[in-house]
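Worksheet for the structure shown next.
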Amino acid sequence: MKHLKGSCHCGAIEYEFDSPAPVPFMRCFCSICRKTSGGGGYTINIMGMTDSLHVTKGKSELQSYRAVRDKSKPKEEQELCQNRYFCRSCATYLWAHCEDYKQWIYPYASSIDSELLVPQVMTSIMLDYAAKWADPRNLPGRTEGNDMFGEYPPYSLEQWHKDHPRTS
């Protein structure tokens, strides 16, 4: 278990939590992650325990957003995905939380201020939805030794950490 601290870019929000899975190894290329987190066409989440989450500064500055999971479906069949929490001032995404997995939060690795371990391998998921320019399968030398999945992998974040013990 590792205690981690994070914050938004403008400094209005600071938070901390405990993580049994603090290695930022999984890149999600789904359209929701690509469009809401910006950057390289993906987002990297780690895993934290919901009951350990404490917003230590700026709780009133938090906003949340729930994206439509599949916009191609008729409106009456559309479902919303997890809440994504961000700073209302600078728009930094901080963490996601899904009611289906209430015990976990999924902090965005880019918002973590504590030192994170460097993963020895990367996993890319939801590649069937990746923008062509960001899909590592289209970029020379980006797939060697890394796991690639069109959808979700056959393992959880927790299982990956059990299979790849930390060295420090």
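Report every pair of residues separated by at least 6 positions or lying on different chains whose Cβ atoms are under 7 Å apart, first residue within the range 52-74 and free of Cβ contacts under 8 Å to residues at least 24 places away in the same chain and surrounded by 13 or more Cβ atoms within 10 Å (Cβ to Cβ), second not in a strand (DSSP E or B) and not charged (D, E, K, R).
As it stands, the answer is V68/Q78, since those pairs meet every condition given.
May I ask you to list the residues in the range 141-150 that are of a type in the set (D, E, K, R) and either surrounded by fewer than 11 Cβ atoms within 10 Å (Cβ to Cβ) or not in a loop (DSSP other than H, G, I, E, B) (or both)?
E144, D147
So for the range 81-94 (the condition being modelled with pLDDT under 95 and loosely packed, with under 10 Cβ neighbours inside 10 Å), does at least one residue qualify?
No: the range 81-94 contains no residue that is modelled with pLDDT under 95 and loosely packed, with under 10 Cβ neighbours inside 10 Å.
I'd like to verify a number: residues in the range 111-140 that are loosely packed, with under 10 Cβ neighbours inside 10 Å and among the hydrophobic types (A, V, I, L, M, F, W, C), how many?
Qualifying residue count for the region: 2.
Testing Q159 on (1) free of Cβ contacts under 8 Å to residues at least 40 places away in the same chain; (2) open to solvent by less than 40 Å² (accessible area, probe 1.4 Å); (3) under 19 Å from M1 (Cα atoms), one condition comes back false. Which one is that?
(2) is the only condition that Q159 fails.
Looking only at strands (runs of 3 or more DSSP E) that fall completely inside the range 1-48, which ones have 1 or more residues that are at pLDDT 90 or above, open to solvent by 30 Å² or more (accessible area, probe 1.4 Å) and under 20 Å from V118 (Cβ atoms)?
Qualifying strands (runs of 3 or more DSSP E): 2-7.
Inside the range 87-130, can you point out the residues that are under 21 Å from C30 (Cβ atoms) and among the charged types (D, E, K, R)?
E99, D100, D128 - these are the residues of the range 87-130 that are under 21 Å from C30 (Cβ atoms) and among the charged types (D, E, K, R).
The values are calculated or read from the model by the stated rules, or taken from the named source; none is laboratory data. The model shown is predicted, which means the values in this text are computed figures rather than measured ones. Counting neighbours? That spans all protein chains shown, and the Cβs are built from the backbone with ideal geometry, glycine included. Surface areas here come from the heavy atoms of the whole protein model, side chains and all, with no ligands, DNA or RNA. Shrake-Rupley method; radii C 1.70, N 1.55, O 1.52, S 1.80 Å.
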